[in-house]
Every structure is written in C-alpha cells, then in structure tokens.
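One structure is given here, and the rest of the page talks about it.
The values are calculated or read from the model by the stated rules, or taken from the named source; none is laboratory data. The structure presented is a predicted model; accordingly, all values stated were derived computationally and were not measured. Here the Cβ is made from the backbone with ideal geometry for all residues, glycine too, and neighbour counts use every protein chain on show.
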Amino acid sequence: MTDRLSLTTLANLPAQVARPAVDPREVGIGVVHLGIGAFHRAHQAVYTEDAMAAAGDTGWGIHAVTQRSPRVAEQLAPQDGLYGVLTKGLAAGGSPTADLRVIGAVRDVSFPGEQTGAVLARMADPGTHVATLTVTEKGYRRAGDHLDLDDAGVRADVQALADELRTGRESDAAAGSPIGMLARGLARRARRDATPMTVVTCDNIVQNGTMLAGLVSELLTASGADDVAAWVARHVTFPATMVDRIVPATTDDDRDDARSISGVTDAGLVVAEPFSQWVVEDAFAGPRPAWERAGATITSDVAPFEDAKLRILNGSHSYLAYRGAVLGYRTIAEAVGDPRLRDEVRALVDEDVIPTLTPPPGVDLTDYRDAVLGRFENPALGHTTIQVAMDGSQKLPVRLLGTARDRLAAGSVPHRVARAVAAWMVFVARTADGASGLALDDPLAEQLQSAAAGGGGLVDGLLGVAEVFPPSLAEDERFRSAVGQQVAELTHG
C-alpha cells in the first residue's frame, strides 16, 4: 500500500513530478467554484494556480463545491486538496508521453448536501471576489431558454430564499441546484453589503454569461427577492467565456501510471491532453486572478472564439461520437482514424461550418480544423464515443443546429449538418432497439427513445421533439428532406 498524496508526502515526490506552482499552505481563498469535476481540476484550477504564481498573488485559492455526490470531496479532503494532472500526449515520432503535475489551488471542498451553509458563507465573504461554474449543460436546470421552475431542486431553492426573506433568518438548507446555490449566495452577499462579484460560467453554452445572468434573475424574481435582483444588476457581472481542453474519464490504468511516476496514491487524479485554451470576456466587477498571465485570452468579444470552438471542435466531436459508436468504435481516436469518417468530418467543417463563422483574431479556421483532428487522434486520452455522445439533446442545439439555421438563412441546404443530425438519430434508434448494446445517457432519454420507436418514423419522431428542434428548423422542408435522405443512407448504405 503506497502513501496517499498530501501536504506531508508532497516534499518526497520524485523530481519528475512537478509540484504546485505556489505553496498551498500560503494560499488564501478568493474563488468559489460550483461543480468540481475533472474538467475544472484540469482547466480553470490550473490557470488560477499559474496566475497566482505569475503575479505573486496567492489570494486566489479555490473553495470548490461538488454537485450530486460527495465523491470528489471525499477524494480530496484526505489529500489536503492536492491532486495530480496527468497530461498525455504524443511525441514527434508518435510515441506516447505522460507528464504529471500536482495542483494545489483547491484549498477547500464542500458537498452541498451537507455543507451548503459553508458555501453560502464563503460566497458572502468580502474576500471572495469570483465565482466560477462547470456544471454541464443540464446542470443549469433549464426548460427551453428559461429556468425550469418545475424542477424539484429549483423549487426547493426558491422556497429557501423566500423563507429567508420572510423571516429575516438565514437558512442553511441544502441547495437543490447550482443556480439556487449561486442566487442564495448572492442574496446573502447583498444583505451583508459585500463587495462586487464576478460570476464566470465555463460551460459550453452559447452566450453563457448572458444565459446565467438570466437564470439567476429568474430565480430571484420567483423568490420575491426584488431588492437582491437590483443589487445583483448593479454589483455583479457575468462574463462570457470559451473553454477548451479534452479531459477524458480517469481510469484505473491512469491511476496506476500516475502511481508509478509519483510513488503515491492519488484518488483525485485527472487526465488531460496537452492543449488548453480559455477565453474570457473583459467584464469583471472587481479584483480577479491574473489569468492572462497564465495564458488565458481576455477579450472584449468572446463570440468568434466561442462559435469556432462549438461548431468546429464540438460539432466534429459529436459527429465522430455518434457515427463511431454505431460503427463499433470505442474511442474518438479510433473513429477519427477511419479515413471515411475523417473525410466526413472535414466535409462537415469545410462545406457547412466555416461559411457561417467569423474567424477570431489571428486564427486560420482551416488550420484550426486540422489541429482539432490532430488532437482527436491522440489515443492516450481514451476519450470514448459513448462519453462524448451523452446529453445529445442538450448539445445538438449549440454544436450543430445553429450552423444549420445559418446555412438555411443564407439559402443553402446544410447537407453535412443534416448527416450529423442523422447520425445522432440513428444512434438514438440503436439505443432504443435494445439489441445494439449502446446506452443513451441523456436527460430526455425516455422521450427520445419513445419518439425514435414511434409509428411516425425516426425522422418525424425526433424532429418533433421541441426541446431539441425549434419549430422553425423542424418544419423547414429543405432540412427535413436532407435529414431524411441522410438517415436512409446511414441506415441502409
């Protein structure tokens, strides 16, 4: 049995393991993060640690909050918040590489089911200036473009905040949703007349800052917290962002590899590719980490970066996931290694996606396309097609359907996007027939499978799911026809 990674064992790690860029013992907390999954640990936490080191400002440690379970808190607490990032890449000759770095930016971890009060107190603390989120698309509990006020967790948060306003007593009732946790924390901050705050969502949603601001406002309004809403409008900003780094699920083999390098056991290990990108709108309400000194791009307009990433990288990723899974490929690397699928992805990007985009400053979109495909080839990541295929009902609208609408508006039929949508439909159908061995991990799984298996046909059934396809697109005969043709080709070709 090896020792566990911790502050005690940190000094004894071998030289090939990179230690935290700042001494964790000297780091104060200035950031609350909601949703400490693998992506945050491999992305924003790394940028924040590097920013502290570059600026010599150690006041930006992270109080991280789990979502549905205490698992990450249970992993990191015995390790004093420390964890490793195992970066897996390919050398020039194609041989695999693996570099291990320990991150110390996370200084506290809470599980809302038991520690909501501690999180709310931290959000109200004048020393906390930034809140960040990675809660996935479905974590925002939306119904269409609005907060789902019928969601049980959202209802519980509305009631908790309404009770606080009615009684004048602060409640530490367990938060039922990330939006509820955020709104309740901002309400507590407003009552204490604390300093302004910046809330940075890092999930792949179009205009994510504006979206989050709207959801918070809706929850405050539903709670009768009009004064709080007015305070938030004056003192809180919600910058838009774009994030990019492939972070696959950590396997037992990855943990064994890290243990062989470090000599210690790390229950919080995350795996990532070498590439990382973070673009943040320059709209901060107060102090913040010097993220630009860690390589982040701070810009007045995130949209071109966001559109290129969502439509080229994420759209291609989803296409390879659906097509690859149905064809029996386990990983994205295997799927993109199929020359036929690689050519289909290039055609999707060249014929339909790039014509809808404004290139970000300094970015050549064809070079970006090639770089994306090169990243997908990395077999060391083990990013599975099933993992990428999850939550398709949430991802399709932002990754593919916006491209389809733009092409139709320009008078062109988006045949390549139609093929991508058809690939998703065939994937859903295969999960519904029970014979393929494929599983559908999606918040609308039952509805989608029912629609796919209904008597009206696969295309009509799934285009009729309004939560995915807006009527203006679903009823466009050009699009319907193109999708139908592609479904027929993928099913019988």
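Being in contact with a strand residue (DSSP E or B) (Cβ under 8 Å, 6 or more places away or on another chain) and not hydroxyl-bearing (Ser, Thr, Tyr) holds for only one residue in ALA325, ALA283, ALA303, and it is ALA283.
Looking only at the range 284-306, residues that are in contact (Cβ under 8 Å) with a residue 60 or more places away in the chain and more than 30 Å from PRO126 (Cβ to Cβ) come to 3 in all.
Put simply, of ILE261, ILE205, ILE246, ILE179 the only residue that is over 28 Å from the mean Cα position of the chain (by Cα) and among the hydrophobic types (A, V, I, L, M, F, W, C) is ILE261. crowded, with 24+ Cβ neighbours inside 10 Å, of a type in the set (A, V, I, L, M, F, W, C) and within 21 Å of the chain's Cα centre (by Cα): is that true of ALA45 in this structure? For ALA45, the condition - crowded, with 24+ Cβ neighbours inside 10 Å, of a type in the set (A, V, I, L, M, F, W, C) and within 21 Å of the chain's Cα centre (by Cα) - is met. What are the residues in the range 80-94 that are buried (at least 21 other Cβ atoms within 10 Å of the Cβ), hydrophobic (A, V, I, L, M, F, W, C) and not in a loop (DSSP other than H, G, I, E, B), if any? Of everything in the range 80-94, those that are buried (at least 21 other Cβ atoms within 10 Å of the Cβ), hydrophobic (A, V, I, L, M, F, W, C) and not in a loop (DSSP other than H, G, I, E, B) turn out to be VAL85, LEU86.
Consider the range 275-304. How many of its residues are within 26 Å of ALA194 (Cβ to Cβ), of a type outside the set (Phe, Trp, Tyr) and out of contact with any Pro (no Cβ under 8 Å at 6 or more places or on another chain)? Result for the range 275-304: 7.
Do the conditions hold for VAL200, that is, is it among the aliphatic types (A, V, I, L, M), closer than 30 Å to PHE376 by Cα and in a loop (DSSP other than H, G, I, E, B)? Answer is no for this residue.
The set of residues from the range 110-129 being in contact with a strand residue (DSSP E or B) (Cβ under 7 Å, 6 or more places away or on another chain) and more than 19 Å from SER177 (Cβ to Cβ) comprises GLY127, THR128, HIS129. Of the helices (runs of 4 or more DSSP H) entirely within the range 381-493, those holding at least 2 residues that are among the polar types (S, T, N, Q) and closer than 30 Å to GLY94 by Cβ occupy 385-389.
Annotation note: Cβ proximity below 7 Å between a residue of the range 22-34 that is over 13 Å from LEU10 (Cβ atoms) and a residue that is among the aromatic types (Phe, Trp, Tyr) and at pLDDT 95 or above (sequence gap 6+ or interchain) occurs for GLY30/TRP60; VAL31/TRP60.
If the condition is being assigned to a loop (DSSP other than H, G, I, E, B) and in contact with a Lys or Arg (Cβ under 9 Å, 6 or more places away or on another chain), then the range 40-79 contributes HIS43, TRP60.
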